[in-house]
Amino acid sequence: MAGKPGQVASTNGMERFGGWTKTEHSKLLEGLHGSKKESKNPYHLIHAAAKATKFHRSETVANSPNKLRKDFLFAFKVLKDGSNFTPASSLPANSNRRRVNFCSTFLYSFVTIDNGDGSSKSDFSLHEVIGNDQIVRSRTSFTWTAPSCSVIYTELSAMLMEQNESMISAPAQMQRAPSTCNTSTENLEDLQYLTVKLAEISPLKQKYLKGAISARMKNDTPAPQAGEDVVDYLYRRAQRIVSVDAMDTSHKQEVGSKRKGGKRSGGKSKKKNDMSIFEQRDEELRRDKECDNDDEAAVEETDANKATDEEVFRDPDEVIEEVQPLVKKKRIRPNKELGDFTHTQVKSCGTITCTCGHFSFWRWCEHCVWIEVLHFQVYPTISSVTKASDQWHLIRSKFLQMMKETCIDKS
């Protein structure tokens with residue numbers, strides 16, 4: 001996050017702060033041997049940003065929770081809408097209503113309980129912990145891990161791509177049928193299309209999707225992964241909230257500049273000035289590692305060809321449960337979002353902390369709102385959020401019931 005004090009990611013503040021950070025970064029690299037190579041070291045980038053924040057920002061981040069920020073008020077609307085949700089299993093058999101799944105932030109989340117002796121027990125569903133009276137009374141500490149939009153869309157896109165590739169086995173005449181035509185690659189990168197598909201996928205596909213997200217979570221460690229450059233590492237481990245306008249355009253329109261008063265000509269490669277800083281840095285890093293990547297690709301291809309028939313025809317459930325080395329997939333990233341997972345910790349003393357971008361700045365976030373309402377039964381009182389007719393104890397109980405009914409079966 002960057003911006004003027006009190007404003008998250010404001011445009012003017014970001015440009016000013018970026019200039020200060022560049023100046024501090026140049027000072028840090030002075031006198032270093034191999035300064036060009038060291039300039040790509042994320043340690044120096046973070047150090048420069050910290051120094052720029054210390055000397056050029058007149059105010060610091062919040063020291064106490066700022067619960068009345070408008071950035072978090074939408075979280076109460078999510079609870080209201082979720083309490084009125086009707087699961088597909090409750091619809092009549094002859095209903096013409098389209099299948100709509102529950103909110104994926106809760107549907108594909110995981111909970112880990114702290115045993116109190118330094119160990120923990122994972123693989124709990126949300127409804128088994130959040131709002132559980134026994135957990136509340138015993139003051140049990142737990143951590144709620146929620147996947148980011150990028151993780152959900154990336155894994156869904158990969159799953160749909162595999163489904164498209166399997167259509168090659170259909171008879172040639174059937175492949176021309178509209179119902180069996182492959183979905184275009186462009187659709188698999190569009191947020192609106194993926195959102196519709198996310199709402200329509202069957203329970204079996206939901207299970208596969210949650211298994212893929214679980215494997216990614218278990219491999220999400222601070223150590224860099226194989227073939228991961230600086231930009232990919234920041235996409236995976238950094239934290240920044242998704243833009244409010246993320247659904248207005250596909251992620252491809254996020255980067256690059258638009259010309260005023262005219263359209264960008266098609267069929268031509270982007271000039272360096274038209275690229276975002278992330279694209280330029282990504283291109284430079286990949287160019288530097290081109291020779292190494294060719295050697296690694298050759299080794300990986302040789303190893304892949306050694307797969308036996310027994311490995312290919314394994315039970316899908318066994319594959320989901322195992323922690324497999326992640327295969328690099330095309331990341332579908334909504335505007336401005338960073339990070340793969342958000343970890344919200346509820347301590348035995350009742351303190352709530354979170355790793356998301358909002359919490360790091362305001363000491364409060366939408367995840368804290370959901371924990372406060374669903375787990376601790378602390379309801380809003382401000383007029384901009386609730387009405388006199390709202391019965392929050394009923395909203396809470398209905399939402400918890402929806403989480404239980406729509407829970408993805410682990411068996």
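Going by what's in this entry, would residue 102 be described as at pLDDT 80 or above, outside any helix (DSSP H, G or I) and closer than 25 Å to residue 395 by Cα? So residue 102 passes the test.
Scanning segment 13-35 for residues that are open to solvent by 60 Å² or more (accessible area, probe 1.4 Å), modelled with pLDDT of 80 or more and not hydrophobic (A, V, I, L, M, F, W, C) turns up 22, 23, 26, 27, 30. Across segment 117-130, which residue is nearest to residue 207 (Cα to Cα) among those that are loosely packed, with under 13 Cβ neighbours inside 10 Å and free of Cβ contacts under 8 Å to residues at least 40 places away in the same chain? Checking each candidate, the answer is 121. Take segment 64-99 and flag every residue that is assigned to a helix (DSSP H, G or I), at pLDDT 80 or above and of a type in the set (Ser, Thr, Tyr). Hit for segment 64-99 is 83, nothing else. Residues that are open to solvent by less than 40 Å² (accessible area, probe 1.4 Å) and at pLDDT 90 or above do not occur anywhere in segment 178-193.
The values are calculated or read from the model by the stated rules, or taken from the named source; none is laboratory data. Note that the structure is predicted; figures quoted are calculated from it, not measured. FYI the Cβ positions are ideal-geometry reconstructions off the backbone, even for glycines, and counts take in every protein chain you see. Heads up: the accessible areas ignore ligands, DNA and RNA and are worked out on the full protein's heavy atoms, side chains in. Shrake-Rupley method; radii C 1.70, N 1.55, O 1.52, S 1.80 Å.
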